[in-house]
1. Got a sec? Which of Leu205, Leu201 is at pLDDT 95 or above, among the aliphatic types (A, V, I, L, M) and loosely packed, with under 15 Cβ neighbours inside 10 Å?
2. Restricting the search to region 140-153, which residues are at pLDDT 95 or above and either among the aliphatic types (A, V, I, L, M) or assigned to a loop (DSSP other than H, G, I, E, B) (or both)?
3. Pairs needed: first member in region 134-150, outside the structural domain of Thr120 (by TED's automatic domain parsing); second member anywhere, buried (at least 19 other Cβ atoms within 10 Å of the Cβ) and acidic (Asp, Glu); C-beta distance under 7 Å; at least 6 residues apart or different chains.
4. Out of curiosity, is Ala248 closer than 30 Å to Gln8 by Cβ and in a loop (DSSP other than H, G, I, E, B)?
5. Just checking, how many residues over region 191-242 are touching a strand residue (DSSP E or B) at 6+ places or on another chain (Cβ under 9 Å) and over 25 Å from Tyr83 (Cα atoms)?
6. In region 16-56, what residues are exposed (fewer than 12 other Cβ atoms within 10 Å of the Cβ) and either within 10 Å of the chain's Cα centre (by Cα) or not assigned by TED's automatic domain parsing to the domain that holds Ala77 (or both)?
7. Can you name the residue in region 9-54 that is among the aliphatic types (A, V, I, L, M) and free of Cβ contacts under 8 Å to residues at least 12 places away in the same chain and, of all such residues, is nearest to Tyr121 (Cα to Cα)?
8. Considering each residue of region 71-93, count those that are touching a residue at least 60 places away in the same chain (Cβ under 8 Å), in contact with a helix residue (DSSP H, G or I) (Cβ under 9 Å, 6 or more places away or on another chain) and either of a type in the set (S, T, N, Q) or crowded, with 20+ Cβ neighbours inside 10 Å (or both), and give that number.
Amino acid sequence: MNRELLLQTLLLAWYADFQRTFVWRHEHPDPYIVLVSETMLQQTQTSRVEQKLPVFLKSFPTIFDLAKATNADIIRAWQGMGYNSRALRLRDCARSVIELFGGEVPQDEKSLLKLPGIGTYSARALQAFAFKKDVAIVDVNIRRVYSRLLKTLSTTTSVVPEQEVRDFAEAVFPRGRSSEWHQAVMDLGATICTARAPKCLICPLQEVCASAFGMKEEKVLKRAEPSHRATPNRIWRGKSVEVLRGVAEISAEELLTTILKTTPNADDWEWFQNILKALEKDRIITTRIFKGKLHVKLAE
């Protein structure tokens, strides 16, 4: 038995017994639900998506309902998910699907890449999971698993060059079972072949893994984020949007005081103007001058 076939046999047998179940995983999934779930899963834990997806789909049960949503509608419905610009791109994607493809999510990669917010990973995930197409998928977690299988890595943060991983990805997945295979690799990466502390002792691939039992745990050094008062700007953005979800409109001064929980100073105000400009540029808020003061609300 060659190595690729052995990998397939071992991993798919493990997946049959230990696969995770999620509301978006079905034998015959709705492409619209796959589109929404894949967007939600970007930089968000699966447990949070599992909670939010059914609620979101009650508000927007079809791609046509989503396309009609205003910015404010979609941002309010996205509460708790973070990275609100993803929600707007998802809504814009729905509009493009209707405009370009009559409301049917396209199946070919070229057409999918025409849609807002759809890159190579998302296009291939949609092809595999929604349409059972034979395509290779590589994301951060899959690259980690494949890297460890391919070469003897010294640390948990080490990875193989991207092109080598992509070549391996094309060769290793079983034709006719792309959806099942990639879900299996993702589950292995999430539960056993984890980023910091891989559980090699119970891994179904330990006998064919070049890195099994040999990696030293190493933390990824995070790049410093733009911050204010020792808190990243992305957190302040999220706090601002959270306040705006609950009001029709608010003065910028009151908004800043609310998120800081203290009286702002001149430096706070100068910094906050840049936060507001960024949110406005991302179409998340609109501003206006009312009675001599700057007011803010969610964009319509």
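The values are calculated or read from the model by the stated rules, or taken from the named source; none is laboratory data. All figures in this text were calculated on a predicted structure; none of them were measured in a lab. Methodologically, a virtual Cβ is constructed for each residue, glycine included, from the backbone with ideal geometry; neighbour enumeration extends over all protein chains shown.
1. Leu201 is the lone residue from the list that is at pLDDT 95 or above, among the aliphatic types (A, V, I, L, M) and loosely packed, with under 15 Cβ neighbours inside 10 Å.
2. Ile142, Val145, Leu149, Leu150, Lys151, Thr152, Leu153
3. Nothing qualifies.
4. no
5. Of the residues in region 191-242, 4 are touching a strand residue (DSSP E or B) at 6+ places or on another chain (Cβ under 9 Å) and over 25 Å from Tyr83 (Cα atoms).
6. Correct list: Gln43, Gln45.
7. Selected residue: Leu41.
8. The total comes to 5.
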